[in-house]
1. State whether the residues of region 12-29 include one that is out of contact with any Ser or Thr (no Cβ under 6 Å at 6 or more places or on another chain), at positive phi and free of Cβ contacts under 8 Å to residues at least 40 places away in the same chain.
2. Within region 28-39, which residues are aliphatic (A, V, I, L, M) and surrounded by 14 or more Cβ atoms within 10 Å (Cβ to Cβ)?
Amino acid sequence: MSWADKRIKQYQKGQKATFLEKMMLDHANPVHFFLAIIGIILIFYGAWNHNYLWILLGIGLNFLGHLYCWLQR
């Protein structure tokens, strides 16, 4: 039995997830993951071209992914 299976059984019994487990589940959201990858690419592209607008757009996309997960709760 894997770690995930043990934790799922504990959740079914009523145990709550820890803070780090909640953060892990937020980052496992496909929308957040997609926005984070695109954001990281834009940040690197902006740093490579010395263009702060691309960097800010990449940071904004990463923050938008976090906001999406926070508002889903």
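1. Taking every residue of region 12-29 in turn, at least one turns out to be out of contact with any Ser or Thr (no Cβ under 6 Å at 6 or more places or on another chain), at positive phi and free of Cβ contacts under 8 Å to residues at least 40 places away in the same chain.
2. 35, 36, 38
Read-outs: derived from the displayed coordinates by stated rules, not from any lab. All values derive from a computational prediction rather than experimental measurement. Because the Cβ atoms are built from the backbone with ideal geometry, glycine has one as well, and the counts that use them run over all protein chains shown.
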